[in-house]
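Single-structure report; data block below.
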Amino acid sequence: MIRALILLLCLSVGPAFAQTTPQPQGTIAVEDSASQDAAIAMRIRGILNELDGYQGITVTVSSGIVTLRGTTIDTPQAARLNDIVSRIAGVVAIENEVAETTDLVARLNPAVDRFRTRLSQGVALLPLAAVALFAFAIVFIAGILLARMRRPLDRIAPNAFIANIYRQILRMVFFVSGLVIALDILGATALLGTILGAAGIVGLAIGFAVRDTVENFIASIMLSIRQPFRPNDIVEIEGDVGKVIRLTSRATILLSFDGNHIRIPNATVFKSRIVNYSTNEERRYDFQIGVASDGDLEQVRDLAEQVVADLPFSLKDPAPMTWIDRIGDGAIILVVTGWIDQRKTSLARAKGEAIRMVKSAIEAEGIEVPDTTYRIQLLGGGEENAPPPAMRKAQLVPKQQPIAAEDVEDTSQASLDRLVEAERNDPETPDLLTDDGLTE
């Protein structure tokens, strides 16, 4: 059974090898010459003796048909014999019976010889390699020393983060330059393309693996250059409101008004809608207030505007404004707005004080500010079950004495500013924002 399989394998391989084996072309002579056969055999033997790996090959020639027998190290070396023999004049056909040797020593000897040759070449190239290494070290060290110089790069770069990137690029340029010089000295500049190609493939794979990190890094560079906000600015990003502490190479750190740290990835910050409340000194507040439907709405509107305008913290320009917004449940809703200088005045306290003063002024004119909340109560008769005042018909209330406005200095912001400064003064956490940098 095994012999049959081997025979089938040989029959299947044999024709294929015969088809791919080149044979001599041209016209076959009519006369048969023994002297020509001997000359052909001698010529082939002379050629094979000069080539490595063919010393064990025997050559016989009869009627121009060359028969080759023996063993070689591998099959391609045996197939090469056909190319050599077919080029000799007078060869009619080639019978290549050379097989691949199974002798382990014979197969390892060429590898050992190649290793010895390369080792001897490496030893001979040691002085040249030392010169190439020295040239590479000189160029690379020069790049490191130039990158450590602060003045040129710090003046060119908009901030320290960009300056460090410039330094890394400078080191890389000198590294590649030193490598090119060293390879040129060794006469191996062809390796540079292979090295750069492999580096490109590895860099592409790493880029896909750390895509989010690379995206954050690029966004950090853009944000540090554009600087849409400064330290201590009050901003809103993706619904988060707080004071800016710092911009790192990966995230933007905010301090919320509750004292919590908010960390937002820079890629999100760069692509998001950013509301900077600190860019302009003037800031508007607004609130809604309801009045009884039987009151003089024009009088109420003018009164609210005048009260807000007379507040000590209100700005004259832009001026306050009041308008009737809608008819609500049990009241007419007015919208009242006013402007403050947010560097000196607390927005929350100014809004609260304005609400207090406007409500007091309206009630001082005898106009009710009704409670518009719903209450459900079962009525069964009797005074104790009478509807509450909020559910009765709106009535005029007695006039009241006007009250004075209170101080609304922004004391909470100062405390938050101290917390932000304490965070920013931490030397272990670098910041990419600068107070004197360009902003959008």
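The values are calculated or read from the model by the stated rules, or taken from the named source; none is laboratory data. Keep in mind it's a predicted model, so treat the numbers as computed, not measured. Cβ coordinates were reconstructed from backbone atoms using ideal geometry, including for glycine residues, and neighbour counts include every protein chain displayed.
Couple of notes before you dig in:
- Residue in segment 171-180 that is polar (S, T, N, Q), under 30 Å from Ile47 (Cα atoms) and at pLDDT 85 or above present: no
- Residue check, Asn266 under 30 Å from Val420 (Cα atoms) and in contact with a Phe, Trp or Tyr (Cβ under 6 Å, 6 or more places away or on another chain): no
- For Asp325, the conditions (1) under 28 Å from Ile234 (Cα atoms); (2) not assigned by TED's automatic domain parsing to the domain that holds Ser224 all hold with the exception of (1).
- Given (1) touching a residue at least 40 places away in the same chain (Cβ under 8 Å); (2) closer than 27 Å to Lys243 by Cα, number of the condition Leu315 does not satisfy: (1)
- Of the set (1) modelled with pLDDT of 85 or more; (2) surrounded by fewer than 18 Cβ atoms within 10 Å (Cβ to Cβ), all apply to Thr117 but (1).
- All conditions in (1) surrounded by 16 or more Cβ atoms within 10 Å (Cβ to Cβ); (2) modelled with pLDDT of 90 or more; (3) assigned to a loop (DSSP other than H, G, I, E, B) hold for Ala304, with the sole exception of (3).
- Any pair with Cβ under 7 angstrom, 6 or more apart, that starts in segment 77-90 at a residue that is of a type in the set (Val, Ile, Thr) and ends at one that is assigned to a helix (DSSP H, G or I): Ile84/Ile47; Val85/Ile44; Ile88/Ile40; Ile88/Arg43; Ile88/Ile44
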